[in-house]
Amino acid sequence: MQQTHQLLDSIERKVSNCVIRDQQYEKLLFSGRPSHIENTVDRQQKQLGDSKITLLDHHYQKKFEKMGQRLENLEKEKEVKIQITREQQTSDFEQEEARSLVNLNRTIKLYQQQISQLQEQMKRMQMNYQKQIQDLQIQLRKYQL
């Protein structure tokens, strides 16, 4: 970028020098000098203009190439980020799924424990009821006798 500015400054200096020379040639022309001076001035101005255009074309071509490379790099970076995001989402989903399975397993174990406790409680209650029934039957026999 700095080189480009230096080139442009150099070209502007050359143009201003040419303008000064052009003014000097005009003075010579009007003082009766030969017409080949006019042709030389025209040729030099044309060459300078052409070289300035060429330098600008080259400058902008380089800029466009750099911009193209940056664009390609950004597109590649974007693809990489998209891929990473997809992988992270997949990983996050798998982790969430694993957490859900762990939680489900815990819940199942809790329910199994509760069912076991309820079965134990039912057995005890059943035994208590049977004992009460037996006691009541004994009492009933006593009263019947």
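Odds and ends about this structure:
- In the range 45-63 there is no residue matching the filter, namely being part of a helix (DSSP H, G or I), aliphatic (A, V, I, L, M) and either at pLDDT 85 or above or over 23 Å from GLN3 (Cβ atoms) (or both).
- The residue list ARG141, ARG99 contains one member that is exposed (fewer than 10 other Cβ atoms within 10 Å of the Cβ) and either without any contact (Cβ under 8 Å) to a residue 40 or more places away in the chain or in a helix (DSSP H, G or I) (or both), which is ARG141.
- Condition met for THR85 (at pLDDT 85 or above and among the hydroxyl-bearing types (Ser, Thr, Tyr)): yes
- Unique match (being out of contact with any helix residue (DSSP H, G or I) (no Cβ under 7 Å at 6 or more places or on another chain), at pLDDT below 85 and basic (Lys, Arg)) among LYS78, LYS27, LYS109, LYS14: LYS27
The values are calculated or read from the model by the stated rules, or taken from the named source; none is laboratory data. Note that the structure is a prediction, hence the values are computed from the model and not measured. Every residue, glycine among them, receives a Cβ derived from its backbone with ideal geometry; neighbour counts consider all protein chains shown.
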